[in-house]
1. Just need a number here: residues in region 253-289 that are polar (S, T, N, Q) and closer than 22 Å to Met169 by Cβ.
2. Which of the residues belonging to region 16-42 are exposed (fewer than 12 other Cβ atoms within 10 Å of the Cβ) and outside any loop (DSSP other than H, G, I, E, B)?
3. Quick one: which residue in Gly223, Gly235, Gly193, Gly185 is of a type outside the set (D, E, K, R), at positive phi and over 23 Å from the mean Cα position of the chain (by Cα)?
4. Six or more apart or on different chains, Cβ under 8 Å: which pairs go from a residue in region 277-288 that's under 13 Å from Asp144 (Cα atoms) to one that's β-branched (Val, Ile, Thr)? Could you list them?
5. As an exercise: evaluate Val110 against (1) in a helix (DSSP H, G or I); (2) buried (at least 16 other Cβ atoms within 10 Å of the Cβ); (3) out of contact with any Cys (no Cβ under 8 Å at 6 or more places or on another chain) and give the number of the one condition it does not meet.
6. Does Val79 count as without any contact (Cβ under 8 Å) to a residue 24 or more places away in the chain, among the β-branched types (Val, Ile, Thr) and outside the structural domain of Ala128 (by TED's automatic domain parsing)?
7. Checking Leu66 against (1) within 22 Å of Asp248 (Cα to Cα); (2) of a type outside the set (D, E, K, R); (3) touching a residue at least 60 places away in the same chain (Cβ under 8 Å), which single condition isn't satisfied?
8. Here are some residues: Arg103, Arg59. Which one is assigned to a helix (DSSP H, G or I) and closer than 30 Å to Arg131 by Cβ?
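The values are calculated or read from the model by the stated rules, or taken from the named source; none is laboratory data. Fair warning: this is a prediction, and the values are worked out from it, not measured in the lab. Here the Cβ positions follow ideal geometry from the backbone for every residue, glycine too, while neighbour counts run over all protein chains shown.
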Amino acid sequence: MARTKPSAAELALVAEVEKHGHAVTATQLERWRRQAWLPSTPDWFDAGSCTIRPEIVQRAVHLAALTWPGRSTGWLGWVFWAIDDTPATAKRLRAALLRALERPFARAGVVQVPAGDSDEAFQAREEAAPRLLHNRRSHRRDFDGILRSHASAAGVELPRSPAHSVPNMFHRAVLESGARMVVGGGADVGLEGMLEVLEHAWPDQEPTIERIRTAHRQAALAGVDLMLQAPLAYGLPGMLRTVEAADDRLLCAAVRTCTKASGALAVLLQHAVYAQEILPSLMGDAMWDQWVRVGGFAPYGVVGEVAIAMSAIQYLTGGRGAGGDGR
């Protein structure tokens, strides 16, 4: 069947995108409309105007910059759904988050997470957890470590922030414990198991670890289990329930918040190729340790989608952690 000729509005948007150094076709514009990444053509214009709204042009430029054969648009499309914040885009966003959370299980061949307190169910979860990490090398996701390694090879020493120390979230013990929590929840790891992991990944921080232990004990005396307040407290089923039950507006707000900083950092890192003072300035800031080093930066693609989904879970659960101090 012959394709419909591009409309005047489509040709105008194609021309505007080309002015920014990117190429786009009318077919791509239609695909983006079907995905609700671009609004319908009449909404490209203000009432009584023949000029395409600047935000529509900018959105098309971003999509064109990140779209080429063989590459997923990733969580960039989620940003537009969250910004538009309509029941239709919230529905798409909810489905995308659920798929991202379930994807590591599907890739690992974990079809169903066994539930219950029986020895058989616990053993089945213990056997399933390592499969999530199979062929997943930690350093591939250790963004800070990759940058420092390349800089060191070039004879450059990058600064470390003056912030207090944070655990190495890419330590093998942390990843293994995290996999167990994702599969079976906090109960499968337990407080002492979590603290033992911190001792491995957070050397020379005995006073801090002891403060965490004390906070949990004091809460327990008051009838509160802080482990149950962590985002991973109930494993994958709990995370899925959090997304499924979230209000549309809150869900969109969570994704807007969790993607804004990652998007800004991605732009800064692109400029850092030409302005070499940017990277040392970023890595010397406290937020580098408190956010980027602990997995806050989400690259485009599948890994980034999972990272954004996990960050959204933390937002939706109030940012609570198992450390007892809200971090």
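1. 3
2. Keep residues of region 16-42 that are exposed (fewer than 12 other Cβ atoms within 10 Å of the Cβ), which gives 19, 21, 23, 27, 34, 40, 42.
Scanning region 16-42 gives Lys19, Thr27, Arg34, Pro42.
3. Gly223
4. Leu282/Val292
5. Of (1) in a helix (DSSP H, G or I); (2) buried (at least 16 other Cβ atoms within 10 Å of the Cβ); (3) out of contact with any Cys (no Cβ under 8 Å at 6 or more places or on another chain), only one is false for Val110: (1).
6. The answer is no for Val79.
7. (1)
8. Arg103
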